Amino acid sequence: MMKTVKGKIITGTVAVTLLVGAGSAFGASNAGEMLQNWFNTQFGAATEEFDETVGGYQDDKTLVASTQYGALEAKATNKIGESQEDSTAGAASKIDKDLQEHKAALEAKKVELTNYTNAEFTKIYETEKENIRLLWLEANRKAERDMEAHTIAEGSAALDTLNAELEAATTAALSELEAAIEASKSGLQATIDNHVDTKTDDLKGKIDKELADFTLWTQMMTNFMIQTQTDAIEAAAKDLETAALTSMQDLVNGINE
């Protein structure tokens, strides 16, 4: 704030002394002294009036200048404050906009990858399930063909034996054949059941392991991408903050320009 300065134009009354020479023709007359006294009075009054008039005028103008300067200070303060608020709001809005865009992109990609994973694993599972079904269907057919050939051979042998031996031997042979058939079926069924259980467990274990690996990888990937984006956002915010502070300081530095 400017300070009011009262300028003194005349700092004191100038006394004028009329010197009279020792050899003056006026002799002992005091007319000169009286004139000097009158002059001193008049001159003092004039200079005092002059000082008051000019000094008062100076005080008035200084007050006007001080008021104008105060208004300029207030204007500068408002302009700087408005610039700061606008810059902060603009930077914050841009940061939030970018943040929302990044979050939306991450969410969309997560949904896309999730749908892809579900679809692919469903196809893999269905394919493997069909392969297992076809494998054991073929095994059943082969077992049937083998058993048919075997039983025909055994039947033929039994018939030969039946024709060659006694009815009792024939009956015994048929009983033995019947037992052999049941034993073969039981063994084959046990083999089939064992393969189904083993392969099913193996396939389930494979699926569980792949799912666990995928889950861990997607979590690590997501965390890495989130960190990359947050680091970029923080760096951008710092740059914008520095730019805003620099701009405001430039405005402050230019106040007196």
Assess whether Lys103 counts as being modelled with pLDDT of 75 or more, over 30 Å from Leu251 (Cα atoms) and open to solvent by 90 Å² or more (accessible area, probe 1.4 Å).
-> yes
Within segment 198-257, the count of residues that are under 22 Å from Ala89 (Cβ atoms), more than 13 Å from the chain's Cα centre (by Cα) and not hydroxyl-bearing (Ser, Thr, Tyr) comes to 11
Only one of (1) surrounded by fewer than 12 Cβ atoms within 10 Å (Cβ to Cβ); (2) among the β-branched types (Val, Ile, Thr); (3) under 30 Å from Met221 (Cβ atoms) is not met by Val64, so which one is it?
-> (3)
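May I ask you to verify whether Glu85 is at pLDDT 75 or above, under 16 Å from Thr230 (Cβ atoms) and part of a helix (DSSP H, G or I)? Give the steps one after another, and end with the answer.
Values: at pLDDT 75 or above: yes; under 16 Å from Thr230 (Cβ atoms): no; part of a helix (DSSP H, G or I): yes.
Considered against the rule, which asks whether it is at pLDDT 75 or above, under 16 Å from Thr230 (Cβ atoms) and part of a helix (DSSP H, G or I), Glu85 comes out as no.
The values are calculated or read from the model by the stated rules, or taken from the named source; none is laboratory data. Quick caveat: nothing in here was measured; it's all calculated off a predicted structure. Note that each Cβ is placed from the backbone with ideal geometry, even for glycine, and that neighbours are counted across all protein chains shown. Only protein heavy atoms, including side chains, enter the accessible area calculation; ligands, DNA and RNA are left aside. Shrake-Rupley method; radii C 1.70, N 1.55, O 1.52, S 1.80 Å.
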